Amino acid sequence: MLANSLVELDRAHLIHPVASWRGHEAAGVRVLKSAKGATVTDASGRTLLDGFAGLWCVNAGYGHESIIEAATKQLRELPYATGYFGLGSEPAIRLASRLAEHAPGDLTHVFFTLGGSDAIDTTVRFVRYYWQAKGQPQKEHFLSVEQGYHGSTTVGSGLTALPAFHTGFGVPYTWQHKIPSHYSYRNPAGDRPEAIIAASLAALTAKVEALGGADKVAAFYLEPIQGSGGVIVPPTGWVKAMREACKAMDILFIADEVITGFGRTGPIFACLEEDIVPDMMTTAKGLTSGYVPMGALFLSDHMYQVMADAAGPAAIGHGFTYSAHPVSAAIGLAVLDLYENGLFDNGRKVGALLQQGLASLADHPLVGNVRGRGMLAALELVTDKERKTPLPASAKASTRIFDRAWDNGLVIRAFMQGVVGYAPPLCCTEDDIAEIIERTRKTLDQTLADPDVRAAMA
Ligand SMILES: Cc1ncc(COP(=O)(O)O)c(C=O)c1O
């Protein structure tokens, strides 16, 4: 009764992110009630393994008492402190300094946001401010990568390269451009890493030339692994090659680590594994493990000094009421303690098992491609492995596979094109990983038995 009335109230009043509003009205909400470790329990009392850590954010897993205690203590002591007027709070200062210690190279200045989208939005403002400060305001074009995702604000959605974020919204703007993704599984340049890297470098150079040369280009954005585009892993050396090309052309390089940060791929930041230092780096999600909203933009010292000198005594006019929120920061510190005291290690251990387990599904008739790193992975489903034929549209991959996995007690992300995404909490046990694989196998077998899928395979 309670659940039914919640469904009706939700239908009438709550707008869900990135949803077909009519589709959602018809389907109704699934209400989650509680969570513990790597599992979530719905309003009917069913417990499921959360193979996607909420929205690839609950890296620490659910129900950590140390996080709850840190939040409660902070709420009692000082629930809010502005960063305006030169004020501050201890947790925010300590978190910034601990993050700076972990950050690659000279990314030692931290601006806190409420999530990933406003961290990206902040980078756009800082890029513009920086080039103005350097006396090069004509550097105004921004580049990003097809199938990339950089959030949903008015400017960020134009850097994002997923059609649903553009249609009807008047973006991308004329100063926002894309180069093709590295997408090894379906790359016209083939699947050899050197060929893909060469093709991407050529595409970057050609795009810069087409825009009037590097003198007109402000910044290039990438995700170390493309997340929302379908967990697309670049060949080894691709990120570094793009970073070096940008440096050579004096184009700012921004690494969007909103998903890959905080142990998702193994190290605290994927850039460390790529052995690169971006000019700016965005993070969110795992920063607070999703317990409360917070993002962090890392600004390099070389950009910071230019901006600070140019402003002199004047204010740099960028800020949010909730930047560096003390409760979020206290949670960030508690989460970092958990990461450093075993969770990163566990994530690396079970991440290897996740990759092995998914690789063991490669011989399933529907699995065309298995990819990932650490606790981030995907299966790409096809009806013909040779031709890499996607599932038929009638299979409605994004809902049918999600629903079926759900019924099998597993939360995954089912992307529209038939890609199944995984980003489990780093606290998973070996048994949790084995269950994720088993429940996936069952879901694939059931999908293989669907008449429309069988017909497409004949
Ligand atoms: C790479 C990347 N950048 C930015 C964002 C936006 O973050 P948020 O949803 O916290 O605004 C996301 C969200 O998934 C993301 O994956």
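Defining a contact as two alpha carbons under 8 Å apart and six or more residues distant in sequence, what relative contact order in percent does region 334-458 show? Walk me through the numbers on the way to the answer.
Working: 185 pairs, mean separation 33.7, N = 125.
The value is 27 percent.
What are the lysines whose alpha-carbon lies under 28 Å from the alpha-carbon of LYS216, with same-chain residues fewer than 8 places away excluded?
In chain and number order, the partners are LYS134, LYS139, LYS178, LYS207, LYS240, LYS247.
Roughly how many nanometres apart are two label points built 7 Å out from the Cα toward the Cβ at THR236 and THR154?
4.5 nm
Mind checking region 33-115 for GluC sites (Glu not before Pro) that DSSP puts in a loop (not H, G, I, E or B) and that have at most 12 other Cβ atoms within 10 Å? List each step's numbers first, then the result.
Details: sites: GLU65, GLU69, GLU77, GLU101; in loops: none.
When the GluC sites (Glu not before Pro) of region 33-115 are filtered for loop state and at most 12 Cβ neighbours within 10 Å, nothing remains.
For every helix of n ≥ 4 consecutive DSSP H residues, a contribution of -39,500 (n - 2.57) applies; sum these over the chain, divide by its total residues, and give [θ] at 222 nm rounded to the nearest 500 deg cm²/dmol.
On the way: 16 runs with 183 residues, N = 458.
Estimated from H runs of four or more residues: -12000 deg cm²/dmol.
To the nearest 0.05, how large is the calculated FRET efficiency for LYS385 and GLU65 if R₀ is 60 Å and r is the Cβ-Cβ distance? Don't jump to the answer; show the numbers that get you there.
Numbers: r = 47 Å, r/R0 = 0.79.
Taking R0 as 60 Å, the efficiency between LYS385 and GLU65 is 0.80.
In debye, nearest 20, what is the charge dipole magnitude of the chain about its Cα centre with +1 on Lys and Arg Cβ and -1 on Asp and Glu Cβ, if you could check? Working shown, then result.
On the way: 39 positive and 47 negative charges, 159 e Å.
My answer is approximately 760 debye.
Distance from the Cα centre of region 203-245 to that of region 141-181, in angstrom?
Using only Cα atoms to place each centre, the spacing works out to 14 Å.
Residues of region 12-43 with backbone nitrogen within less than 14 Å of a virtual label 7 Å along the Cα-to-Cβ line of SER5, please, listed as ranges.
Of the residues in region 12-43, none has backbone N under 14 Å from the label point off SER5.
Check cross-link reach from LYS36 to the lysines: straight Cα distance under 27 Å, and skip same-chain residues fewer than eight apart.
Once the sequence-local lysines are set aside, what remains near LYS36 is LYS73, LYS285, LYS349, LYS442.
I want the local charge near ASP403. Using Cβ-Cβ distances under 10 Å, sum +1 for each Lys or Arg and -1 for each Asp or Glu among the other residues. Don't skip to the end; give the middle numbers.
Working: positive: ARG30, LYS396, ARG400, ARG404; negative: ASP407.
In short, +3.
LEU14 to LEU361: extension gain in nm, 0.36 nm per residue of separation minus the Cα-Cα distance? Working shown, then result.
Working: separation 347, 0.36 × 347 = 124.92 nm, distance 3.82 nm.
Going from the current span to full extension adds 121.1 nm.
Enumerate the residues in region 1-31 having an amide nitrogen under 12 Å from the point lying 7 Å beyond the Cα of PHE169 toward its Cβ.
Those under the cut-off are 17-19.
Among all the aspartates and glutamates, which ones have a C-alpha under 14 Å from LYS385's C-alpha, if same-chain residues fewer than 8 places away are not counted?
LYS385 reaches ASP363.
Read-outs throughout are calculated quantities, based only on the coordinates presented, and are distinct from any laboratory measurement. These numbers were taken from a predicted model, which means no experiment stands behind them. A quick note on method: Cβ atoms are made from the backbone with ideal geometry, for glycine too, and the neighbour counts reach across all protein chains shown.
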